[in-house]
Amino acid sequence: YRYFPEPDLPPLRVGAEAIEAWRVSLPELPEAKRARYVAELGLSAQAAGVLAAHPKIAAFYEAVLAAGADALRAANFVQAELLRDVEQHGLEASFPISPAQTAELLGLVAQGTISGKQLKEVYALVARTESSPAEVVKARGLAVLSDEGELERIAKEILEENARQADAYRAGKTNLLGFFVGQLMKRTKGSASPELANRILVRLLEGQ
């Protein structure tokens, strides 16, 4: 009744020791988790907020890190790709791939075995299966084309077929480099290493 004590309920007195024991037994709360992600893992406040918002998503992300994935790369993948396919049911959630598969997939990108574009393709192939991303890449021939000799041969063909644009590049229109890189990526169906493609094309266009 607010203006006098409830006659049927005795006073509840909780000791400091009990309160401390309860505090220690609590899991890491979202606010503390967000702060840790920013301070220790280098995530942005926005990314930390997304990953810490649901306990199962946070647990999945940390399992991916425990499997050896880079924190920033894993955070980007979970936000940009994985969350679209996660099914949430209250405090529960189901994921299309396992943390181990995710770490392996991100490792292939980090090693340069597949490109960022190919990551999406491989992810779609292993989602809701128990397949190994590395085995899928090998079986389907999806690895990045990093054979410098083969890329140089293709680049020379592209320059010969687009001689007018090549001359314009040499005359100072260096923004045409993007055109040539695009042609090379199209010719290799996106499998060429972008860094190597840039390097080869610049060398050929500038006569180095």
> So which residues in the stretch 66-103 are of a type in the set (A, V, I, L, M) and part of a loop (DSSP other than H, G, I, E, B), if there are any at all?
Replying inline: A67, A69, V86, L91, I97
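Where residues in the stretch 154-204 are hydroxyl-bearing (S, T, Y) and outside any helix (DSSP H, G or I), which of them is nearest to G112 (Cα to Cα)?
My answer is S193.
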> Based on what the data block shows, is L43 open to solvent by 80 Å² or more (accessible area, probe 1.4 Å) and not in a helix (DSSP H, G or I)?
Replying inline: no
> What residue, among those in the stretch 100-116 that are modelled with pLDDT under 90 and more than 12 Å from the chain's Cα centre (by Cα), is surrounded by the most Cβ atoms within 10 Å (Cβ to Cβ)?
Replying inline: I114
> In the stretch 135-153, how many are open to solvent by 40 Å² or more (accessible area, probe 1.4 Å), assigned to a helix (DSSP H, G or I) and without any contact (Cβ under 8 Å) to a residue 40 or more places away in the chain?
Replying inline: 7
>> Yes or no: the stretch 117-125 includes at least one residue that is more than 15 Å from A143 (Cα to Cα), open to solvent by less than 60 Å² (accessible area, probe 1.4 Å) and aromatic (F, W, Y).
In response: no
> Within the stretch 46-59, how many residues turn out to be open to solvent by less than 20 Å² (accessible area, probe 1.4 Å) and in contact with a Lys or Arg (Cβ under 7 Å, 6 or more places away or on another chain)?
Replying inline: 3
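The values are calculated or read from the model by the stated rules, or taken from the named source; none is laboratory data. Being a predicted model, the structure only gives us computed values, none of them experimental. Positions of Cβ are generated from backbone atoms using ideal geometry, with glycine treated the same way; all protein chains shown enter the neighbour counts. Surface areas here come from the heavy atoms of the whole protein model, side chains and all, with no ligands, DNA or RNA. Shrake-Rupley method; radii C 1.70, N 1.55, O 1.52, S 1.80 Å.
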